[in-house]
Amino acid sequence: MIPPLLAPTADGDVMRFELRIADSRHVFGEGRTATTLAYNGQSIFGPTLLWRSGEFVSIEVTNDLEEITTTHWHGADVPAVADGGPWSTIGPDESWLAEFEVIQPAGTLWYHPHRNGTTAEQVYNGAAGMIIVQDDNPTAAMLPRTYGVDDIPLVLQDKEFDDDGQLVFEIDDSQVGDLNDELTVNATFNPFVTVPEGLVRLRLLNGSQARVYELSVDVGPLIKIAGDGGLLEAPVEVDSVELAPGDRAELIVDTSQGTTALLDADFGRVVELRPDASLPAIGSLPESLAEIEALADSPIDNERTIVLDEVPGGWAINGSQMDMGVVNETIRFGDTEKWTISSLEGIHAFHVHQTQFQIVEWNGEPPGPEDSGWEDTVLLREGDEVVIVARFDSYTNPDIPYMFHCHILDHEEEGMMGQFQVLTGS
């Protein structure tokens, strides 16, 4: 149930990883063995990558599929040439090399294909994996951090199967996208995991095509410690956490009172945590976690309006649908920008490549402390308006753009994606 770790191979000062994507087969249970996509010979998904802030990584991705793919580092602050979006295609029997310094703090990211037109299907069929970024923040030693023991990765995907036990993939042009009837957690039905009797860290990834999860626990408190881009300033006790497609969240659950279940509002039980008193446990959390610069207090160099809406034949951003030949927005290197994003129709998970932003206003109100950290994806329902602030001071490239899009993958495939470049000069 727990994806294996893929630690890098040290080559001087370079940390090298190798990923190979190929067709595979996975036993989902109940007699269903389905054709899937996977990395590094797994039956589904890929290994969890370990990055460390300040290290230089080199990742070679080889494509053993009979179709074109890419591999994108979702949530990573990397050069455009290494982003792995639609411009970095990998043909059958070809390899692609991404090289960059890890320049962001500890957090939970993920990787997945991002070819224009096939992202939804390849991700749905299992091509995805987690990335754990580590840093030197001393708080890390005070949090549950033993992978697979008290630090548990959980990939949520809803699925549909035909009578032969094969995955059924569809694009739904509705306002909510394609929702499926069966929940899988790390490609398993109704799983449980044995954990210490104490605090357990759940690293949650919504790898679904369109479904939004509302997560809670049946026993004890639920504490959020991190969002998409890393740790919050302090732990926040919450009743539930809403997780949109592409979103990550790190939650702390206390199993000292006995078996505890993570629940979803639609599916019920997600995973059961069964405590074992023989495993070493952490009993308390630090009062503070990380220092976060408030970008809204900085001078704003530019403001933009982003409108998400339905158009004839699909979905659009500011009235335009995805066109590889069009750069929709140009941003000046070093600028801090404020974007006002609104949904005129439908539900959307708005995601920006390369940067992590901060939500400063949600329908006219400031966000709660649980949503006041670094994010790369924000959920908007019809009629919502969200204001975010981001700084673009990491990389510039005059030739290769980054993407911004809806991470409800049906909407992305139906046109709700645009391109932006970060350029030097006025």
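The values are calculated or read from the model by the stated rules, or taken from the named source; none is laboratory data. Since we're looking at a predicted model, the values are computed, not measured. FYI the Cβ positions are ideal-geometry reconstructions off the backbone, even for glycines, and counts take in every protein chain you see. The area values use the complete protein model at the heavy-atom level, side chains included, leaving out ligands, DNA and RNA. Shrake-Rupley method; radii C 1.70, N 1.55, O 1.52, S 1.80 Å.
For this structure, a couple of remarks:
- In Hz, Karplus ³J(HN,Hα) per residue of the range 183-193 (6.51, -1.76, 1.60; θ = phi - 60°; x = Gly, Pro): 8, 10, 10, 6, 6, 10, 8, 6, x, 9, 9
- Remark: the residue 218-residue 424 segment gains 69.0 nm on full extension, using 0.36 nm per residue and subtracting the alpha carbon distance.
- Range of Cα positions in the range 253-358 per principal axis (Å), largest first: 58, 39, 24
- Å² of accessible area per residue within the range 1-102, as computed with a 1.4 Å probe and no ligands counted: 41 Å²
- Dipole magnitude (debye, nearest 20) for the chain, charges at Cβ of Lys, Arg, Asp, Glu: 1020 debye
- With θ taken as phi - 60° and the Karplus curve 6.51 cos²θ - 1.76 cosθ + 1.60 applied, the whole-hertz 3J(HN,Hα) list for the range 225-237 is 10, 7, x, 4, x, x, 5, 6, 5, 8, x, 10, 7 Hz, x standing for glycine and proline.
- Residue-normalised accessible area of the range 208-247, expressed per residue, 1.4 Å probe, Å²: 29 Å²
- Contour minus Cα-Cα distance for residue 95 and residue 179 (0.36 nm per residue): 26.9 nm
- Over the chain: helical MRE at 222 nm, DSSP H runs n ≥ 4 each giving -39500 (n - 2.57), nearest 500: -500 deg cm²/dmol
- Inter-part distance where the range 379-423 and the range 100-125 are each reduced to a Cα centre, Å: 14 Å
- Sulfur and carbon atoms: percent of accessible area, the chain [1.4 Å]: 44 percent
- In terms of overall dimensions, the C-alpha atoms belonging to the chain reach 61, 52, 51 Å along their principal axes, ordered largest to smallest.
- Alpha carbon centroid spacing (whole Å) that separates the range 311-342 from the range 223-274: 32 Å
- Applying D = kT/(6 pi eta Rh) to the range 151-296, where Rh is the Kirkwood radius over alpha-carbon pairs, T corresponds to 4 °C and eta to 1.567 mPa s, the Stokes-Einstein value obtained is 79 µm²/s.
- Per residue solvent-accessible surface (Å²) - the range 272-342, probe of 1.4 Å: 54 Å²
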